[in-house]
Each structure stands twice: as structure tokens, then as C-alpha cells.
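Only one structure is covered here, and it is reproduced in the block below.
The values are calculated or read from the model by the stated rules, or taken from the named source; none is laboratory data. Model, not experiment: these values are computed from the prediction. Here the Cβ is made from the backbone with ideal geometry for all residues, glycine too, and neighbour counts use every protein chain on show.
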């Protein structure tokens, strides 16, 4: 579950964009303060001002998009956690996963009419009991 809801990289990017926003805001404020103190060509000032404001707005848009991604990941994680919580005590539910890297080894679960015990059919066609693996074990019952 930790990998599913891992937002570490996105949070780092969000902090970096926040820092860039602070730098951009300071640059805009410094430019405005300098314009108030020193006589300068207003056309050049407006061009620099527009460029700085445009950069600030672009960075702000990126930061907001990253925050939206973080929010979506956290919403999805909470939904999955609520689902797991609601089914974890049901009989016959898988209780742990050793690794989720090999989902193709799980195979299809089925019941044989001749054998009352559950069996699974591996994706390569082999049939095995639930206690045996189709390949690298990635779950336990």
C-alpha cells in the first residue's frame, strides 16, 4: 500500500515549486520597488515585469497541478484503504501480499467438480492448488 499512495516525489516537486514561487514573487517586488526609486524606461520595466509575472503564473499553475495529483493519489489511497478495511474480515479473503510485482503469476481461481478443494489455473495452462504457486509467490491466503 505504501507504493500505491507514495507521493514523496510529488511533494518534493511541490516544495521546489513553492520555493520558486517565493523567488519569483521577490523578483517582482524588487522590480516594483526599484521602479519606484529609480527613473527608468517604462517600456523596459513593463517588459521585465510582464516576463516575471508570466513566469510566476506558469510556476503557480505547475504547483497547482502537482497538488491536484497529490490530492487524487490520496483520495484513491483512502478509497482502497476503506475497501480493504471493509473486506478484511470476510472469510476466504487474501490477507497479505509478499510482492505485487508478479500479478501474472496469480492465475485464475476455479473450483473443480471432481475435487472439492479450490484450484487455480496458471496463465501457462498448468493447474495447481491454492497453496502452490504458478511462479514466484506473491500472495498468501
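Taking region 3-26 as the range and being in a helix (DSSP H, G or I) and touching a residue at least 24 places away in the same chain (Cβ under 8 Å) as the test, the residues that pass are 10, 11, 13, 14, 17, 18, 20, 21, 24, 25.
Considering 62, 79, the condition of being surrounded by 11 or more Cβ atoms within 10 Å (Cβ to Cβ), modelled with pLDDT of 55 or more and in a helix (DSSP H, G or I) is satisfied by 62 alone. Scanning region 21-39 for residues that are farther than 13 Å from residue 56 by Cβ and surrounded by 13 or more Cβ atoms within 10 Å (Cβ to Cβ) returns a single hit, 35.
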